[in-house]
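Okay, so here's the structure we're looking at.
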Amino acid sequence: MLDEIRERIDAEIEELTHELNVELPERINKAVEHGDLKENSEYKFALERQGFVQARIGQLQQRMSELSKIDVDNMPADRVGFGSKVRVHDLEMDQKMDLTIVAGDFMDLDSGQVSMASPIGSGLKGAKEGEEVVISLPIGERKYKVLKLETLPQQMGVAKD
């Protein structure tokens, strides 16, 4: 999972760097050629986009730094945490869901990815297989049972018994 996240971040950084160094300067130069920059919306948009791209690259570089600090060897192998794959049973709705706990930037609800910062992600954090947890959601409290748990250390084959 960590390698997948790193690859996605690297790909986005590469794409944004190309936009910042190649595409945006071309757009800015074209806009400058049109004259009167005070009323030139293309110029203003290009500058705003340039600022956004620079900020996003900074965020992604920060995320890469944070990922490099994750020590899988010292993560609990028996509790829900970052990277865990979890099968839960919503006891009220009598539905089972497969979830993967991910960082906020890479959440994809359609594929069952839930951010650690979300109500479900933070509510499941620290839970063990077989445990029931009560999670406060915007629609009210829900009770979930952790049916199956595969932690990141287990997935990577570094779990200590």
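Our summary gives the chain a relative contact order of 21 percent, counting only alpha carbon pairs under 8 angstrom and 6 or more residues apart.
Which entries of K69/K143; K69/K145; K96/K125 have Cα-Cα distances beyond 28 Å here?
On the way: K69/K143 33 Å; K69/K145 31 Å; K96/K125 18 Å.
With Cα atoms farther than 28 Å apart: K69/K143; K69/K145.
Within the same chain, lysines fewer than 8 places from K38 are excluded, and of the rest, those with a Cα less than 29 Å from its Cα are K30. Counting only Cβ charges, +1 for Lys and Arg and -1 for Asp and Glu, the dipole size of region 41-86 around its Cα centre is about 160 debye.
For the chain, what is the calculated [θ] at 222 nm in deg cm²/dmol (nearest 500), taking -39500 (n - 2.57) for each run of four or more DSSP H residues and dividing by its residue count? It would help to have the intermediate numbers written out before the result.
Numbers: 5 runs with 65 residues, N = 161.
Estimated from H runs of four or more residues: -13000 deg cm²/dmol.
Only one of (i) 10.8; (ii) 8.8; (iii) 12.3 was calculated from the structure for mean projected area of the Cα convex hull in nm², and its label is (iii). Of the residues Y144, Y43, the one with the fewest other Cβ atoms within 10 Å heads the list, and the complete ranking is Y43, Y144.
Assigning unit charges at the beta carbon (Lys, Arg +1; Asp, Glu -1) and nothing else, what dipole magnitude in debye, to the nearest 20, does the chain show about its Cα centre?
Values: 21 positive and 32 negative charges, 108 e Å.
Result for the chain is approximately 520 debye, rounded to the nearest 20.
Taken together, the values in this text are just the output of simple stated rules run on the coordinates, not laboratory data. For clarity, every value in this text was computed on a predicted model and none was experimentally measured. Note that each Cβ is placed from the backbone with ideal geometry, even for glycine, and that neighbours are counted across all protein chains shown.
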